[in-house]
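Participant: The structure follows.
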Amino acid sequence: FYLTPPQVNSILKANEYSFKVPEFDGKNISSVLGFDSNQLPANAPIEDRRSAATCLQTRGMLLGVFDGHAGCACAQAVSERLFYYIAVSLLPHETLLEIENAVESGRALLPILQWHKHPNDYFSKEASKLYFSSLRTYWQELIDLNSGETTDVKEALINAFKRLDNDISLEAQVGDPNSFLNYLVLRVAFSGATACVAHVDGVDLHIANTGDSRAMLGVQEEDGSWSAVNLSYDHNAQNEREVKRVKTEHPKSEEKSLVKQDRLLGLLMPFRAFGDVKFKWSIELQKRVIESGPDQLNANEYTKFIPPNYHTPPYLTAEPEVIHHKLRPQDKFLVLATDGLWETMHRQDVARIVGEYLTGVHHQQPIAVGGYKVTLGQMHGLLAERRARISSVFEDQNAATHLIRHAVGNNEFGTVDHERLSKMLSLPEELARMYRDDITIIVVQFNSHVIGACQNEE
Amino acid sequence: AAGMFLRLLSDVRWQAANPKWRRMTGSQRSTSSTAEPHPVALPEQAQVVICGGGIMGTSVAYHLSKMGWKDIVLLEQGRLAAGTTRFSAGIVSTARHMSLELKMADYSNKLYQQLEQETGVSTGYVKTGSISLAQTQDRLISLKRIASSLNVMGIPCEIITPKQVAQLHPLINIHDLVGAMYVPEDALVSPANVSLALATAASRNGVQIHERTSVSHVAVQNGRVTGVETDRGQIRCQYFVNCAGQWAYELGHSGKEPVNIPLHACEHFYLLTHPLKEPLASDLPTVVDPDGRIYIRNWQGGILSGGFEKNPKPLFTEGRNQLEIHNLQEDWDHFEPLLSALLRRMPDLEALQIMQLVNCPESFTPDMRCIMGESPTVRGYFVLAGMNSAGISYGGGAGKYLAEWMVNGYPSENVWPLDLKRFGALQSSRTFLRHRVMEVMPLMYDLKVPRWDFQTGRQLRTSPLYDRLDAQGARWMEKHGFERVKYFVPPGKDLLDLDQSKTFYKPDWFDIVGSEVKCCKEAVCVIDMSSFTKFEISSTGDQALESLQYLFSNDLDVPVGHVVHTGMLNEKGGYENDCSIARLSKRSFFMISPTDQQVHCWAWLKNRLPDDSNLTMEDVTWKYTALNLIGPRAVDVLSELSYAPITPDHFPSLFCKEMSVGYANGIRVMSITHTGEPGFMLYIPIEYALHVYNEVMNMGQKYGIRNAGYYALRSLRIEKFFAFWGQDLDAFTTPMECGREFQVKLEKEMEFIGQEALLEQKQNGVYKRFTMFILEDHDTDMDLWPWWGEPIFRNGRYVGKTTSSAYSYTLERHVCLGFVQHFDEKTGEALVVTTDFVNQGEYEIDIAGQRFQAKAKLYPFSSLFTHRRRKDEMELSGYQGE
């Protein structure tokens, strides 16, 4: 069984999406030119989600990738809701009041977000009312809390993350009279999701990260080459600071059982996540909710299972780590991706591949035979690889697709091998997850002219 | 890289080769400082100065000195044979499409073969033979056409099967081949050594050779070469020969009087390998795989393989100083497709070790033919360059022709296809050259099919009607930079893509042209023929008439308003040009000649007209738009538009009148159509062109007028047996040989150029005869179409070649035009061709090895056409510059 190149392309391109920031008067005045995004499932159904939206009541653009585990319910909910929480957190007091008054008097609401969605990126209709009322409660609290200070983006991001996770938890505890919704909020709470979100406003780039997805900045050096700058830290066992944090939050007696086999309590890979109430609620709360919950929940062995050595919950938080970066003209693009990408590719390669793709320039060193002993056959093989690298660029109209092609199809030479690509993509559903994870990528391209101009003004 | 060059030159014992010129260049070899004076001073004066010590320069020097010219200086900026010549792959191949190129290559081969014996310089000559492979049936047809040409020239050659290929060469993968052509006498040489051998012989004959001497410019006075400026001083001379290879263009432009030599360099790559485990035999045939775009020859036990890729890299566009030729980089990524083709052809080479990828620039010309001849603007300035990477194959023959040209005034063959004067200033734009050579280089190995048009450098010269015609479906070809319509694709109809339309069989436009021809025969068509070269020659007294009477063979002392068809002949009576001349007034003449005559005809006349300020000649080509109204209803259209009587009584054939057409006045109307069909040529001042065209089309509607193109015109003229200059007629064809004695004023007591030769021919008979052939057993739908250059057989013996052909929609047969010769069966000596000889033979035309019966005719099918022809006069001339 063998996929033809057009078949491979149709699989790779099924979920690709591109957005170009519209121009005004022939000019793009935004620091963002646009973005490309795509995802390739390994799980069936895919557990990754992505979101992108422009804030309409404040400036800036929001982009995020969400990696779900134990099902996709939590990632789905976060992808729908988180940006509203962030947008609301950023809104000035007057706007919040205006919105609240509109809702109160049944007037049309000011639109808060303009979504940029692929047709496959759905929102659940059934839960919208519930989600809205939780959100409204949040902004009402914000109105009451009116501190009079201008909103700090970092703080807003942290608040939004925490608040949404809190709401997810509360909704599950309270339940819903509608049995479908009741089951939904429980699935959301008992599954989990990491989130890596970027907020771009002019030259201010904020990355809020919870979990092991990653944000990376592509920087073009003066000699034209590409380098990568990390804008997030993975929250997992490889991050010593993170391990230390978890350990300080719990009694010394638990030190040994906290992190086992590089997992939290020997179970969970990410050390921070939305949902996952099994790592947040007390055992009593968990038991109560499950028992009063629907039968499907009771039948699920995973939800009923209490993590071992579970003494001092919560063990998990959704609080993000926020990094602020001032964009410079040499910062050409930002890659947000779930760990499916980073497991297969080094960030340096990601920077080079995307950079070369976006600029259309290939910094392939010319080959010189010199004094080496090279046969015609060897040279032929080498040249074919180099050519394939270039030709695969022209196949893709989307930087994220191009990156996925490399992530899945790269051989030991770092070039796309069609045969490998074909094999990887034709794996049966049950096997696919063994060889690769869901991959979700957003590549944001920056507008160096605008960034340069902003920099000069400052 | 240096190591490789040494290796290539390892057998060049050039220091010991010839004491004479070694003494002249002497110790400079080790001297790098230019400040140090050269011990051997340049002469102050020489008859000829040749610039360039590559294969071309040394070949010209060799041949000139052999022909008896001794006072020759050859200047080389570096060392002899150090430029492109040194890097050349050294393949001598006679498998050429054009018979002139084939002859040059054949001569070179024979010359090189005996050169070592003649000079004592080892030339590395090995007769290996060559195999040209065909991966497709079309390619095989192309090879068969060449094979037919080679065979009639007596060059051994055969079409072989893939199995035979395997027997000739052990490494070739034959699985994808349909056949091949084997030329057993093709050879390999060491190019630098051939050049040194030629230099050695020339030097022995008295030619002075100076290395490390570069020409800065050529001094010109009164349109003649007077000397050469070098970095080592001045040399006065009568002749200068520019053999500067890829620097020829720049050298041509270095003087005050520029000489346009349109050529441009492209990088060319070939691969050298270490020897095979079992080293390849040095006489293993060279392999050319045009479908894979590569050639492969044996080289020191390994192979040398290069090719002509689809995406060439032009260089030196901005001049020579941007990059040194020796510093060019290898580019493996660029070479990848050719390497793939090589390994596909010879899979066993996979394990062979690479020695080097050589980057050796080659110069290419706008039409893939080399450039030779005298500058049209500077007398005594000769050029031989632009070899399109066949310099070694052509070197001997081209040098010989140029030497003959200089010594005798003209070469022993018709070299018009290579003549520098086929180009004008318009082909000398650097941008044009850069773009065009990128198309030409891949063309080296592209399939050469009939009616192929260049795609680059187009829309340079256009008629004011271009957009109008284009909007009506015109498909264009280009001649001398001018866009001309081939045919009009009717609305709703579509033709094949460019690549798919390539065929040796019936083309996709067959029916389209057929309907245009039908309209010309039955109603009226209009063809834009503005590209024709137009001169006006006038004088205050009788100077114009007197001069023209001497320069042209027909009697031009005709009443005002008459048009005369006449040849412009050389001393041997051959056609230098074929034109129509209208006498506008007693003292002024309007001359129309083929499009590509613009430079040549101007130079010819300029050099021969008396230097008289009362006699003026002006090129008015750009001032007039020419519309050809062809067909029986042309007269109706024109009379309605002019309110003037245009009956044969008022406007007989071969007349010229200025009249009004529509609102426009001063339109020069001539009753000629260049096809033998009734109709008129309208010469319209360009500002009226659109108006007159619109009027003609509107008025013509009720007579069924439509646009037509050159393909229709060609079909018409060929079925009427009209010869056309540049295709059928050339400097080696006289009016006597093509049945045009009536266009020559032999009986009159007036002297004209070529008269003597024609009188002699009249006395003794001609040695070739222009003949029309109608193919008998040829199936237009199924069989290969004739083109030109097909061998003609009479009673099974070769008697000549065709010069043009077309499908006649009237006869519903193919018509070929060509020349019949008569060779003695035993001695091969050329004999007089009589009418009886032509009429009494059984003829066959060989199209790619397949022979078709043909009926020969010396006169057109007048009976078929007389009812449409006017009684008073026969118009018997035609040319349209195909």
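The values are calculated or read from the model by the stated rules, or taken from the named source; none is laboratory data. For clarity, every value in this text was computed on a predicted model and none was experimentally measured. Note: ideal-geometry Cβ built from the backbone for every residue, glycine included; neighbour counts use all protein chains shown. In case anyone asks, the SASA skips ligands and DNA or RNA and just uses the protein heavy atoms, side chains included. Shrake-Rupley method; radii C 1.70, N 1.55, O 1.52, S 1.80 Å.
Participant: So what is the calculated 222 nm ellipticity per residue for chain B, using -39500 (n - 2.57) for each DSSP H run with n of 4 or more, over all residues, to the nearest 500 deg cm²/dmol?
Facilitator: Only helices count here, giving -7500 deg cm²/dmol.
Participant: Oh, and also: Non-local amide H neighbours of B:Ala187 (under 5 Å, H modeled in plane, Pro and chain starts lacking H): which ones?
Facilitator: When sequence neighbours closer than 5 places are left aside, the close amide H contacts are B:Val92, B:Thr128, B:Gly129.
Participant: Helix A:128-145 versus the longest principal axis of chain A: what is the Cα-based angle in degrees, 0 to 90, to the nearest 10?
Facilitator: 70 degrees
Participant: Kirkwood hydrodynamic radius (Cα pairs, Å) of segment B:766-857?
Facilitator: Final number for the Kirkwood radius of segment B:766-857 is 13.1 Å.
Participant: One quarter of the convex hull surface, Cα atoms only: what value does that give for segment A:5-457 in nm²? Mind showing how you got there, number by number?
Facilitator: Details: hull surface 104.7 nm².
Computed as one quarter of the Cα hull surface, the answer is 26.2 nm².
Participant: Further, regarding this structure: log₁₀ I(q)/I(0) of segment A:119-210 at q = 0.11, 0.24, 0.25 Å⁻¹, via Debye over equal Cα point scatterers, no solvent, to two decimals?
Facilitator: The Cα Debye sum returns log10 ratios of -0.41, -1.31, -1.33.
Participant: Taking K and R as +1 and D and E as -1, what net charge do the other residues with C-beta under 12 Å from the C-beta of A:Gln57 add up to?
Facilitator: So the environment of A:Gln57 carries a net charge of -1.
Participant: Same structure again: Between segment A:167-242 and segment B:227-305, how far is it from one alpha carbon centroid to the other, in angstrom?
Facilitator: 64 Å
Participant: What are the residues whose amide H is under 5 Å from the amide H of B:Tyr125, where those residues sit 5 or more places off or on another chain and H is modelled from the backbone?
Facilitator: B:Ser190
Participant: Please turn the phi angles of segment B:441-454 into ³J(HN,Hα) values with the Karplus equation 6.51 cos²θ - 1.76 cosθ + 1.60 (θ = phi - 60°), one per residue in order, whole Hz, x for glycine and proline.
Facilitator: Those phi angles translate into 4, x, 4, 3, 10, 6, 5, 9, 10, x, 6, 8, 10, 5 Hz.
Participant: Where only protein heavy atoms count, and the probe is 1.4 Å, what is the accessible area per residue for the protein assembly as shown in Å²? Walk me through the numbers on the way to the answer.
Facilitator: Working: 53840 Å² over 1340 residues.
Here the residues of the protein assembly as shown average 40 Å² of exposed surface.
Participant: I'd like the orientation of helix A:283-292 relative to chain A: the angle between its Cα long axis and the longest Cα principal axis, in ° from 0 to 90, rounded to 10.
Facilitator: Roughly 80 degrees, rounded to the nearest 10.
Participant: I need the phi-derived Karplus couplings for segment B:330-336: 6.51 cos²θ - 1.76 cosθ + 1.60, θ = phi - 60°, integer Hz, Gly and Pro marked x.
Facilitator: Using θ = phi - 60°, the values come out as 6, 9, 5, 4, 5, 7, 3 Hz.
Participant: Rounded to the nearest 500, what is chain A's calculated 222 nm mean residue ellipticity when only DSSP H runs of at least 4 contribute -39500 (n - 2.57) each, over all residues?
Facilitator: Taken over chain A, the calculation gives -13000 deg cm²/dmol.
Participant: While we're on this one: Heavy atoms only, probe 1.4 Å: what % of the accessible area of the protein assembly as shown goes to carbon and sulfur, would you let me know?
Facilitator: Result for the protein assembly as shown: 49 percent of the exposed heavy-atom area is carbon or sulfur.
Participant: Taking only Cα atoms of segment A:210-312, what ratio of Rg to Rh do you get with Rh as the Kirkwood inverse-distance radius?
Facilitator: We get a ratio of 1.15 for segment A:210-312.
Participant: Report D for the protein assembly as shown in µm² per second (integer): Stokes-Einstein, Kirkwood Rh on Cα pairs, 10 °C, 1.306 mPa s.
Facilitator: Answer, rounded: 42 µm²/s.
Participant: Follow-up. In the neighborhood of A:Thr344, defined by Cβ-to-Cβ distances under 11 Å, what is the net charge if each Lys or Arg adds +1 and each Asp or Glu adds -1?
Facilitator: -3
Participant: Relative contact order for segment A:5-457: what percent, with Cα pairs under 8 Å and sequence separation of 6 or more?
Facilitator: 23 percent
Participant: Near A:Lys247, which lysines are there with a Cα under 17 Å away, not counting those fewer than 8 places off in the same chain?
Facilitator: Cα-Cα hits under 17 Å: A:Lys256, A:Lys260, A:Lys280.
Participant: Sequence neighbours fewer than 8 away in the same chain don't count; with that in mind, list the lysines whose C-alpha is under 28 Å from A:Lys332.
Facilitator: Candidates past the 8-residue exclusion: A:Lys13, A:Lys20, A:Lys27, A:Lys117, A:Lys154.
Participant: May I ask you to evaluate 6.51 cos²θ - 1.76 cosθ + 1.60, the Karplus curve with θ = phi - 60°, for each residue of segment B:810-827 and list the ³J(HN,Hα) values in order in whole Hz, giving x for glycine and proline?
Facilitator: Going residue by residue, I get 6, 7, 6, 9, 7, 10, 10, 10, x, 10, 9, 10, 9, 9, 4, 4, 8, 8 Hz, with x marking Gly and Pro.
Participant: Between B:Ser805 and residues 5 or more places away or on another chain, which pairs have amide H atoms under 5 Å apart, with H built 1.01 Å from N, and which residues are they?
Facilitator: Those lying under 5 Å, H to H, from B:Ser805 are B:Leu817.
Participant: Kindly give the semi-axes, whole Å and largest first, of the ellipsoid equivalent to chain B, taking each as the square root of 5 times a Cα gyration tensor eigenvalue.
Facilitator: Semi-axes from the Cα gyration tensor: 47, 33, 26 Å.
Participant: Tell me the angle of helix B:191-204 to the major Cα principal axis of chain B, expressed in degrees between 0 and 90 and rounded to the nearest ten.
Facilitator: Once rounded, the angle reads 90 degrees.
Participant: So what is the relative contact order for segment A:47-185, in percent, with contacts set as C-alpha pairs under 8 Å and at least six apart?
Facilitator: Answer for segment A:47-185 is 28 percent.
Participant: Net charge near B:Phe770: determine it from the other residues with C-beta under 11 Å of the C-beta of B:Phe770, scoring Lys and Arg +1 and Asp and Glu -1.
Facilitator: +2
Participant: Chain pair B, A: how much accessible area is buried, both chains summed, with a 1.4 Å probe, in Å² to 100?
Facilitator: 1400 Å²
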